[in-house]
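Engineer: Before I ask anything, here is the structure I am working with.
The values are calculated or read from the model by the stated rules, or taken from the named source; none is laboratory data. Note that this is a predicted model, so its numbers are computed, not measured. Quick reminder, even Gly has a Cβ in these numbers, built from the backbone with ideal geometry, and neighbours come from all protein chains shown. All accessible areas refer to the heavy atoms of the entire protein, side chains included, with ligands and DNA or RNA removed. Shrake-Rupley method; radii C 1.70, N 1.55, O 1.52, S 1.80 Å.
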Amino acid sequence: MKNIIILGSTGSIGVQTLEVIDKLKDEFSVLAISCGLNIELFKKQIEKYKPKFVCVKNSEHAKELEGLYPDLNVLYSESGLIELAKLRAYDILVVATSGIVSVRAVLEAIKNKKTIALANKETLVMAGDIVTKAAKENNVLILPIDSEHSAILQCLNNLANPYAKRLWITASGGPFLNNSRDEMKKFSANDALKHPKWNMGKKITIDCATLVNKGLEVIEAHHLFNFDYENIKVVIHPQSLVHSFVEFIDGSYLAQIGNPSMHIPIQYALTYPKRLEGIESDSFNLFNKKMEFFEPDYKKFPLLALTLECAKLGGVMPAILNAANEAAVYKFLNGEIKFLDIERIVFNAVEKYDNIKTPALDEIFEIDKRVRSDLEK
Ligand code: MG
């Protein structure tokens with residue numbers, strides 16, 4: 001039996017992780033969960049999974065939970081997440097928080113020699129060099145909970161296959177794949193939230209519409225699999241059946257195929273390197289499927305090109321882009337700006353700040369904060 005901690009248990013990935021665990025009851029138990037502000041769902045999860053520790057965002061919710069569940073160890077804020085990461089009696093830290101709140105907790109779990117199942121993109125986008133270096137030094141596995149990276153891991157069969165030459169990351173193309181720039185100008189948050197294939201959180205769904213998400217995934221792949229950016233390619237595949245490819249030196253390509261469901265990557269990260277019967281077993285029908293692959297249109301989706309450019313520059317550029325993008329996406333979701341204003345804001349931010357080539361963690365957090373607060377002005 002493996003003990004699991006889930007950071008971000010009430011979000012889309014957190015909830016689906018618990019669904020996977022429901023199906024594999026004999027394999028996993030939940031030691032701790034954390035949430036942001038969705039306290040009503042969190043209480044239901046506490047009652048169902050009976051964790052020994054929980055962490056919430058603020059002290060008011062912590063007090064409320066202490067009153068309701070006197071035997072529960074209740075922590076709060078980023079320091080609470082770090083305390084969870086330091087616990088001894090667990091095997092896997094599932095990182096399903098959004099934003100940057102869990103980065104320090106991940107580093108703590110790595111020091112604690114725990115396997116990381118990583119759904120949070122910011123961890124590698126902002127601090128990939130620092131996190132992967134720590135993981136290497138501590139001999140810790142970082143297993144991706146992202147369909148593309150899980151596909152690559154499954155095709156590589158181990159994390160450093162010497163015969164793998166290129167990674168091909170598939171992208172559905174998002175809801176605006178077949179719209180013109182003029183049409184994109186008019187789109188509202190509701191239009192952008194209608195993703196054709198995947199059911200995900202709001203922030204990432206907008207990132208799929210701008211294709212920023214794919215650029216961030218290239219950065220993740222670079223850190224997870226130690227590939228140069230020249231050898232990581234993006235391919236548009238609207239049907240979302242192939243979740244990514246690995247190209248080998250002899251010209252052979254391996255693909256991982258299955259339903260577009262996060263249950264598979266979540267389960268693979270939890271059971272790695274084993275496979276078990278799970279929620280998605282027998283759910284996929286291979287008959288009458290069509291698969292298409294196209295080169296991305298970088299002119300129509302300039303944020304994809306910009307994200308890849310920032311990736312190659314390295315240093316704090318990915319953190320700057322990420323912070324500006326996140327702030328802009330929330331403005332868009334709140335109806336404060338138009339869809340294409342996201343681009344304008346992110347391009348401006350990338351122009352505005354200087355790079356720091358090999359930043360310390362504090363410098364990364366500092367620039368992140370500065371970009372966000374400048375955009376609030
Ligand atoms: Mg993905």
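Engineer: Being in contact (Cβ under 8 Å) with a residue 12 or more places away in the chain, buried (at least 21 other Cβ atoms within 10 Å of the Cβ) and more than 18 Å from the chain's Cα centre (by Cα) is true for just one of Lys165, Lys114. Which residue is that? Explain how you work it out, then say what you get.
Structural biologist: On the way: Lys165 fails: buried (at least 21 other Cβ atoms within 10 Å of the Cβ).
That would be Lys114, the only listed residue that is in contact (Cβ under 8 Å) with a residue 12 or more places away in the chain, buried (at least 21 other Cβ atoms within 10 Å of the Cβ) and more than 18 Å from the chain's Cα centre (by Cα).
Engineer: Something else now. Looking at the range 354-377, I want the residues that are under 13 Å from Asp129 (Cα atoms) and assigned by TED's automatic domain parsing to the domain that holds Ile337 and have a partner that is of a type in the set (A, V, I, L, M, F, W, C) and open to solvent by 40 Å² or more (accessible area, probe 1.4 Å) with Cβ atoms under 6 Å, at least 6 apart or on another chain. Which pairs are those?
Structural biologist: Matching pairs, first to second residue: Leu361/Ile130.
Engineer: Check off (1) in the same structural domain as Ala311 (by TED's automatic domain parsing); (2) within 16 Å of the ligand (Cβ to nearest atom); (3) open to solvent by less than 40 Å² (accessible area, probe 1.4 Å) for Met184 and give me the number that stays unchecked.
Structural biologist: Going through (1) in the same structural domain as Ala311 (by TED's automatic domain parsing); (2) within 16 Å of the ligand (Cβ to nearest atom); (3) open to solvent by less than 40 Å² (accessible area, probe 1.4 Å) one by one, Met184 breaks only (2).
Engineer: Checking Asp146 against (1) within 16 Å of the ligand (Cβ to nearest atom); (2) farther than 20 Å from Pro318 by Cβ, which single condition isn't satisfied?
Structural biologist: It fails just one condition, (2).
Engineer: For residues in the range 330-350 being closer than 21 Å to Gly99 by Cβ, of a type in the set (A, V, I, L, M) and in contact (Cβ under 8 Å) with a residue 40 or more places away in the chain, which is surrounded by the most Cβ atoms within 10 Å (Cβ to Cβ)?
Structural biologist: Out of the qualifying residues, it is Val346.
Engineer: Collect the residues in the range 195-240 that are of a type in the set (Asp, Glu) and open to solvent by 10 Å² or more (accessible area, probe 1.4 Å), keeping them in residue-number order.
Structural biologist: Going through the range 195-240, the residues of a type in the set (Asp, Glu) turn out to be 207, 217, 220, 228, 230.
Those that are of a type in the set (Asp, Glu) and open to solvent by 10 Å² or more (accessible area, probe 1.4 Å): Asp228, Glu230.
Engineer: Condition first: within 19 Å of Lys290 (Cα to Cα) and surrounded by 19 or more Cβ atoms within 10 Å (Cβ to Cβ). Now tell me which residues in the range 241-257 satisfy that.
Structural biologist: First pass over the range 241-257, keeping only residues within 19 Å of Lys290 (Cα to Cα): 241-245, 253-257.
The answer is Leu241, Val242, His243, Ser244, Phe245, Gln256.
Engineer: It is to be established whether one or more residues within the range 75-96 are within 16 Å of the ligand (Cβ to nearest atom) and of a type in the set (Gly, Ala, Ser).
Structural biologist: So far as the range 75-96 goes, yes, one or more of its residues are within 16 Å of the ligand (Cβ to nearest atom) and of a type in the set (Gly, Ala, Ser).
Engineer: Pairs only if they're at least six apart or on different chains, beta carbon under 9 angstrom, first in the range 133-147 and farther than 19 Å from Glu122 by Cβ and not assigned by TED's automatic domain parsing to the domain that holds Met200, second of a type outside the set (A, V, I, L, M, F, W, C) and more than 16 Å from the ligand (Cβ to nearest atom); list them, first residue then second.
Structural biologist: Here the result reads Asn138/Lys111; Asn138/Asn112; Asn138/Lys113; Asn139/Lys113; Leu141/Thr115; Leu141/Tyr272, each pair linking the range 133-147 to a residue that is of a type outside the set (A, V, I, L, M, F, W, C) and more than 16 Å from the ligand (Cβ to nearest atom).
Engineer: Report whether or not Pro265 is part of a loop (DSSP other than H, G, I, E, B), in contact (Cβ under 8 Å) with a residue 24 or more places away in the chain, of a type outside the set (D, E, K, R) and in the same structural domain as Val371 (by TED's automatic domain parsing).
Structural biologist: Judged against the criteria, Pro265 is not a match.
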